[in-house]
1. Can you give the % of DSSP beta bridges in the chain that are antiparallel, to the nearest 5?
2. Nearest 500 deg cm²/dmol is fine: what mean residue ellipticity at 222 nm does the chain get from its DSSP H runs of n ≥ 4 alone, each adding -39,500 (n - 2.57), divided by its residue count?
3. Heavy atoms only, 1.4 Å probe, whole protein assembly: order Ser58, Ser192 by accessible area, highest first.
4. What nm distance separates the two modelled labels at Arg154 and Ala48, each placed 7 Å from Cα along Cα→Cβ?
5. Once you mark the trypsin sites (Lys or Arg not before Pro) that are in a DSSP loop and have at most 14 other Cβ atoms within 10 Å, what is the longest gap between them in the chain?
6. Under 8 Å for C-alpha pairs, at least 6 residues apart: give me the relative contact order for the chain, rounded to a whole percent.
7. Longer than 18 Å from Cα to Cα, which of Lys24/Lys62; Lys24/Lys97; Lys97/Lys132; Lys27/Lys93 are they? Say none if no pair is.
8. To the nearest 20 debye, what charge dipole does the chain have about its Cα centre, counting +1 at the Cβ of each Lys and Arg and -1 at the Cβ of each Asp and Glu?
Amino acid sequence: MTNPAAAPEVALEAQAPPAAAAYKLAKTYGKGETVVHALREVSVEFAAGEFTAIMGPSGSGKSTLMHCLAGLDTASSGNVQIGPIPLNGLNDKQMTKLRRDLVGFVFQSFNLVPTLTARENITLPLDIAGKKVDKDWMQAVVDRLGLADRLGHRPSELSGGQVQRVACARALVARPQIIFGDEPTGNLDSRSSAEVLSILRATVDDFGQTVVVVTHDPRAASYADRVIFLADGQIVNDQRGLSTDDIYEYMKHLDEHPPTQVPEQSSETQSPAAGRD
Ligand SMILES: Nc1ncnc2c1ncn2[C@@H]1O[C@H](COP(=O)(O)OP(=O)(O)OP(=O)(O)O)[C@@H](O)[C@H]1O
């Protein structure tokens, strides 16, 4: 017999809004003969609690897409939503507040403040925003990342791996709607890189966090639940459960069938999974 208590949960899950989404997002640079279509009406939704990697050849529009999604850049047309909030029409002040309240960032260079302790670095975004730190949550994050006995140290007194973990804790402690990573492992050796990716993976698995990273590295992308491939400003593939080899093979395929072979324009030419449905 069906458990009647389970039904509402399923219904709620089906209706859960995406953590972030782009609808028909276009970005062009320049005009006339020199025009560059960095994004060609890209539509994509990022489900809450999922880890997505964005891949594609150099110049395919990965960073542009991520920057528009994170409210760091504005598109030429189309819409972006963070949670239920459309970014269109927000002024600079509102955009800054939205980034501060709803978005976490983990960048290639981890941008810790050298004169502050690990604890102060972790709480800095909340302190700037004048918000109270949720002590229990901070403790849970710090414990999970193995930083409990390092909170009084400055970045120069921490190992490279610990610096990365502090940067991840800082992104997590404000409980953002979504964490964006721009090549978060770009400068790291393979061990440190695996550590950052495991942390991001754990934030999704243990805390239900939503994570979206741009990466060139098939191994890094294999930590994700879902991989979106861009070519020539369009989503050309969107799949879940890919191995490093699958991702490597598809990237090779994109190199052998360069972006000029992707048809011009519009959401109809994208992977069905990329559309707003
Ligand atoms: N400020 C800009 N002015 C002109 N063209 C730009 C500008 N920023 C990006 N572009 C162009 O837009 C396209 C997409 O760039 P984007 O940086 O998003 O690609 P990417 O996939 O992140 O590349 P990479 O992997 O090399 O970092 C490229 O053709 C790039 O040259």
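The values are calculated or read from the model by the stated rules, or taken from the named source; none is laboratory data. Just so we're clear, the structure is a prediction, and the values are computed from it rather than from any experiment. Every residue, glycine among them, receives a Cβ derived from its backbone with ideal geometry; neighbour counts consider all protein chains shown. Keep in mind that these areas ignore ligands, DNA and RNA; they rest on the heavy atoms of the full protein, side chains included. Shrake-Rupley method; radii C 1.70, N 1.55, O 1.52, S 1.80 Å.
1. Numbers: 20 of 37 bridges.
So the antiparallel bridges amount to about 55 percent of the total.
2. Estimated from H runs of four or more residues: -11000 deg cm²/dmol.
3. Working: Ser58 110, Ser192 25 Å².
Final ranking, largest accessible area leading: Ser58, Ser192.
4. Calculated label separation equals 4.1 nm.
5. On the way: sites that count: Lys31, Lys131, Lys132, Arg276.
Formally, the longest exposed-site-free interval is 133-275.
6. Numbers: 497 pairs, mean separation 73.4, N = 277.
The value is 26 percent.
7. Working: Lys24/Lys62 15 Å; Lys24/Lys97 25 Å; Lys97/Lys132 16 Å; Lys27/Lys93 22 Å.
With Cα atoms farther than 18 Å apart: Lys24/Lys97; Lys27/Lys93.
8. Working: 26 positive and 34 negative charges, 204 e Å.
Here the size comes out at about 980 debye.
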